[in-house]
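Okay, structure first, notes after.
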Amino acid sequence: MTASDDLVLGGWDCHAHLFGPYRRFPLAADRSYTPPEALEPQYMALLRRLGLGHGVLVHPSAYGDDHSLLLHALAAQPDLRGVVVIRQDTALPLAALRSRGVRGARFSHRSAAGGNFAGSAALSDLQALAPALADAGLHAELWTDCVALPDAAEAIRRLPVPVVIDHMGGFDAASGVDQPGFRTLLDLLETGQVWVKLCAYRNLLQSPDWEVGRAFQQKLLQARPDRLLWGSDWPHLRVTPTPDPVQLLDMFMDWTGDEALVREVLVSNPESLYR
């Protein structure tokens, strides 16, 4: 199987970001990084190159509370869905977001930088907003890692909304699949309330051989294949050299090794969550 196969037509890339054009959509003044522009036409061309029909745009922290670019792209491209970043004092009308293509809100609970980053929303924001998210038909997305995850597990279980965990839970490749945080991720996945994005490469940047990630993906596939998604993470912020999304998709498909499972992750599961 490769990313060019007809198998993935109609599939979803469930994690990407847009930036710019900056003359129209300027970044937040207090941002912590300044990325190159990554434009809507470029992303739509990438989807065609991947052979995928749909994408999910995640609002980046460099835009702070300004969702203008995200909402503009969702209005222009009916095959896209969006994930916003909101805090307890948000001015966004949650009840109206779903009709504009938004399906979730992203929060951060990390072991570094005090658990949060500039421009992101915290786990405490998620706990406060969860009832409103449920009423609006939105899920939560959590950027975390396997060091921080065990402490947040009970709070996640109590939430009244589905929770999508980014980047395969930020596993430590050197610690193996039996590390406590990854075991916690598997336990949460098995509840059916939690979804996981199979986007492994950021966890493998310090590994001489990315093949070590295969065991982590296969453990997740064994636990709940119906709660897994795939994301390119385009445009691969602050990663050098920049990976080729087609190769990342091919790696996911190779590690999955089963056409029915590939279709479930790329098509059936995201259709259920994002449609």
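Values quoted throughout were computed directly from the atomic coordinates according to the rules given, and no laboratory measurement underlies them. This one's a predicted model, so the numbers in the text were calculated from it and none came from an experiment. Cβ atoms come from the backbone with ideal geometry, glycine included; neighbour counts cover every protein chain shown.
Some values worked out for this structure:
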| quantity | calculated |
| --- | --- |
| Label-to-label distance, nm, for residues given as R183 and A112 (7 Å Cα→Cβ offset) | 2.6 nm |
| Proxy reagent accessibility, fewest Cβ within 10 Å first, across T256, T240, T90 | T240, T90, T256 |
| Distance between modelled label sites at A132 and E271, nm, 7 Å Cα→Cβ extension | 3.4 nm |
| Calculated percent of Cα pairs over 29 Å apart (choose from [x] 29; [y] 26; [z] 33), label | [y] |
| Net charge of Cβ neighbours under 12 Å - reference L186; Lys, Arg +1; Asp, Glu -1 | +1 |
| Amide N proximity, the stretch 226-261 versus D209 label position 7 Å along Cα-to-Cβ, cut-off under 18 Å | 251-252, 254-256 |
| Spatial separation of Cα centroids for the stretch 213-275 and the stretch 29-60, in angstrom | 17 Å |
| Sequence of M44, M168, M251 once ranked by neighbouring C-beta atoms within 10 Å, starting from the fewest | M44, M251, M168 |
| Most positive-pole-ward Cα, Q42, H67, L189, against dipole of the stretch 6-274 from beta carbon charges | H67 |
| Ranked list, fewest to most other Cβ atoms within 10 Å of each Cβ, for K197, K219 | K219, K197 |
| The chain, helix-only ellipticity at 222 nm - DSSP H runs n ≥ 4, -39,500 (n - 2.57), divided by all residues, nearest 500 | -9500 deg cm²/dmol |
| Lys/Arg +1, Asp/Glu -1 at C-beta; the chain dipole; positive extreme among P150, Q77, A95 | A95 |
